[in-house]
1. Let's see if you can work this out: charge +1 on each Lys and Arg Cβ, -1 on each Asp and Glu Cβ, no other charges. What is the dipole magnitude of segment 467-609 about its Cα centre, in debye to the nearest 20?
2. For segment 528-607, what is the convex hull volume of the alpha-carbon atoms per residue, in Å³?
3. Please compute one quarter of the surface area of the Cα convex hull for segment 420-543 and express it in square nanometres.
4. Please go through the residue pairs Lys489/Lys562; Lys139/Lys215; Lys37/Lys489; Lys97/Lys562; Lys489/Lys609 and name each one whose alpha carbons sit more than 28 Å apart in this structure.
5. Counting only residues 5 or more places away or on other chains, whose amide H sits under 5 Å from the amide H of Tyr213 once H atoms are built in the peptide plane?
6. Taking H as built 1.01 Å from N, whose amide H comes closer than 5 Å to the amide H of Thr490, not counting residues under 5 places away?
7. Which whole-Hz couplings ³J(HN,Hα) result when phi for each residue of segment 546-559 is put into the Karplus expression 6.51 cos²θ - 1.76 cosθ + 1.60, θ = phi - 60°, listed in order with x for Gly and Pro?
8. On each of the three principal axes of the Cα atoms of the chain, give max minus min coordinate, whole Å, ordered largest first.
Amino acid sequence: MSALIIGGCAIAQNTSEVDVPSSTTITVNELGQTVTKSQAVSFRITPPLSEWGTLEEMDPSEIGKKVRNDFDREGYLEAQNEIVKDPVVQTEMGSRKMRSPLQNWVGQSGSGYPPDPSGAAGPDHYVQAVNTVYRVYSKTGGSLTGSASLSSLWPGSQNAGDPIVMYDRHADRWFISQFKSNPNGILIAISTTNDPTGSYYEYSFNLSQFPDYPKYSIWWDGYYMTSNSSHTAVVFERDKMLAGDASADMISLSLPSLGNGGFRSPLPADSDGPLPPNGTPCYFFNLEDNAFGGVSQDQIEIYEMNTNWSNGTATVSSSQQLSVPTFDAVFSGGFANISQPGTNQKLDAIQGVLMYRAQYMRWVGYNTVVLTHAVDLGSNRSGVRWYELRDADDGNWTVHQSGTYAPDNTASRFMSSAAMDAQGNIGLAYSKCDGTSIYPGIYYTGRLSGDALGQMTFGEIEAISGSGSQTVTDRFGDYAHLSLDPDGKTLWHTGEYLGNNGGVRTRIFSFDLEIEAGIQDNPFYENLEMNVSQDNDQLTVSVDGVHGEGDVQVELIGMDGKVIQSITTKPIGQSLEESFNVASLQSAIYFVRVGNVNFQKAARIMITK
């Protein structure tokens, strides 16, 4: 028995504990890199969250009393050079009209500065975590649980913070994490079913150094992680963790020659849509300013990590130093950068690093990654630099488009997150304020896949305005999280804004770029619908709404990302229908994808025998 403490109340919690055969091995790989492989040091299975009883809300008077000191940014670079003109800055808002959010509700406030909001949507739920609580909502904002202490997922743990929530659409499971200290390490909970109010597999892994500011991704062969520590390339054994196997391994090593300005925050590629094919290395992306030591140009350095679970080792190497349009990612003031109305207290821009996530999308013939970060446009006025990178299924990345969103001369936009939907449209959400009249609030914009490159073509929309300035500390946000709904259309965002008297607040809202577009904007599809049905050994795929006479690929893809069967066809009268023989396949989860270079539609299916 352990005690779950919520709002001062202790709730009895039964957990099923399993003996863990914990072991650690240290080897040197063929590149001469030190590789540490270790098993989880503890494993439990929780009872269903829905059985824990009513969980009390935190006392609002206790919120925001703790200033968190997670970051280790000693010696962080200060702006030294004259600001150069940003060559891709967008100074005017787009002319497309954006609708107000589809859903928009107040999130959890958390227990300190900053709240570190993270969240994701599944088919029927939205789960948000902040420092130091998490909560399950319906997708219309109804609370399905109270705000539960994060430590409740790992009884006996501290509420150390920096939580991350992911919905693993490939396995239809939920992932919740936070770091720990004494001993240093990572705590991960994986839902045992697709119900986030149900039970969880709880894992605890130890690391030799505190894993500050962790970022995660879902890949075909693991859950990958980076952090502001020497453990900048980490992977967890996803297959075993999804199965509740207590012997799941973690492998960690360091990214070589990692350029940084005082703290490290590379991002691992996080796959939405079908997983990349088995054998694809996990890509890591690191922002590098030419003001950083040893960096000669403004660039994104790209690394490749290959994991071999059969022998418990991995390699990681730098594959590209990708030149990008010139930027200034170093602000003055240390943590204190962004001006607010009515106070000399400035807010942290989270400078010199890429913001969560590095969203990876697999297309027919190429792949994309969407990235964002803050840039100084002069006098610590922040704009949001964003990129769409592409590779032609060969790991050779290029900048397909980039821009800096700053459509006025006064406001700062920062704490950003971007994501692409299943039709190639890009959404961008961020915090915004200025030094005179705009309190820190949350706003968003976007672009359609066929629009002029480098431009956010929709007008800016306010999700929630701020109503006060923060005066007690510069710490703000640390995380913002834009995620893609399993429907492939809806984008969900959670981030920080400030309430009355500068009180910490978070927001959860959704928007859909596709519903803004008519056929004149999407010449390749209209009201695209796909149905997949199984009749014994035949799997039939039917698609309506396809325009044009070009070839279309219909693919059956395994959970490891491998294409099992592929058919090339053409639409007839805007429709197509093809069938796969699945007699030789096992009962399991698969993906069906239909598309070409102009569009795609994907669905997660279950083949039964």
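1. Value, rounded to 20: 520 debye.
2. Residue-normalised Cα hull volume stands at 82 Å³.
3. 10.7
4. Pairs exceeding 28 Å: Lys37/Lys489; Lys97/Lys562; Lys489/Lys609.
5. Asn228
6. Amide H neighbours of Thr490: Asp485.
7. 8, 9, x, 10, x, 5, 10, 8, 10, 10, 10, 10, x, 5
8. Rounded to whole Å, the extents work out to 67, 59, 52 Å.
FYI, it's all coordinate maths here, none of it is from the lab. Being a predicted model, the structure only gives us computed values, none of them experimental. Note: ideal-geometry Cβ built from the backbone for every residue, glycine included; neighbour counts use all protein chains shown.
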